[in-house]
Structure formats: structure tokens, C-alpha cells
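Report on the following structure.
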Amino acid sequence: MNARHLLIEGRVQGVGYRDWLLREAMRLGLSGWVRNRGDGRVEAVVAGPEPLVQALLSACRRGPALARVERIEESFAEVPEEPGFRRWPSV
């Protein structure tokens, strides 16, 4: 299992990006979390088999219909201890 930490920039708050990412991750059976940040970015950790993580990363570059993704900063992360995907409170 592989994990990535994502910081997603652009028009990604107020357009349903968090809920969309949550649904996509759950559909793929990935673990992790997603939340809004005070600086306007969306932050997430996604974990699972590499092909599924890559599928979600590709989808994240497009996002939901109203979003406009300008940049995704990606780094390796530790695999979350709890299974499933969650929406965390904003920071």
C-alpha cells in the first residue's frame, strides 16, 4: 500500500471539491482523509494500491465540474492507521 499527501491549489473551495474527492476515494476503496485549509487549498492523504492512488491523482487534476485545479503539490506520506476515507474539519 502506498500513500500520498496532497495540497491542491486553485478554485477548490466552495465548489464541492472535498465532497467530490471523498466520494471518489471511497468509490476506489482508498483510505485517508480530506479537509479545507485556511489558505484556500484542499489538503488530503490518500492511501491504497498504487494503480488506484494514481487513478485518484489523475481525477484530482480535473476535479468536479465547478473546480479549477491549478497545481497539486504531492509528497509521500505514511499510510493512515484507520481504514476508510474521512472528511476532517477545516484548519
Only one residue in E43, E24, E81 is out of contact with any Cys (no Cβ under 6 Å at 6 or more places or on another chain) and either on the phi > 0 side of the Ramachandran plot or part of a helix (DSSP H, G or I) (or both). Which one? E24
If you go through the range 47-65 one residue at a time, do you hit one that is over 12 Å from G10 (Cα atoms) and part of a strand (DSSP E or B)? yes
From V46, V91, which residue is buried (at least 16 other Cβ atoms within 10 Å of the Cβ) and aliphatic (A, V, I, L, M)? V46
Residues of the range 10-21 being of a type in the set (D, E, K, R) and under 20 Å from G84 (Cβ atoms), which ones? R18, D19
Scanning for something without any contact (Cβ under 8 Å) to a residue 60 or more places away in the chain, in contact with a Ser or Thr (Cβ under 7 Å, 6 or more places away or on another chain), closer than 14 Å to R4 by Cβ and not charged (D, E, K, R), does the range 54-69 turn up at least one residue? no
Go through (1) more than 12 Å from the chain's Cα centre (by Cα); (2) over 14 Å from R27 (Cα atoms) and name the single condition L52 misses. (2)
Residues within the range 22-43 that are in contact (Cβ under 8 Å) with a residue 40 or more places away in the chain, surrounded by 14 or more Cβ atoms within 10 Å (Cβ to Cβ) and either within 13 Å of G84 (Cα to Cα) or touching a Phe, Trp or Tyr at 6+ places or on another chain (Cβ under 6 Å) (or both), tallied: 8
Test each condition in (1) without any contact (Cβ under 8 Å) to a residue 40 or more places away in the chain; (2) surrounded by fewer than 14 Cβ atoms within 10 Å (Cβ to Cβ) for S75 and report the one that comes out false. (1)
What do you reckon, is R35 of a type in the set (K, R) and outside any strand (DSSP E or B)? no
Could you check how many residues of the range 2-21 are on the phi < 0 side of the Ramachandran plot, of a type outside the set (S, T, N, Q) and in a loop (DSSP other than H, G, I, E, B)? 2
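Bear in mind these aren't lab numbers, they're just calculated from the coordinates by the rules spelled out. As the structure is a computational prediction, the values presented were derived from the model and not from experiment. Glycine also receives a Cβ, built like all others from the backbone with ideal geometry; neighbour counts cover every protein chain displayed.
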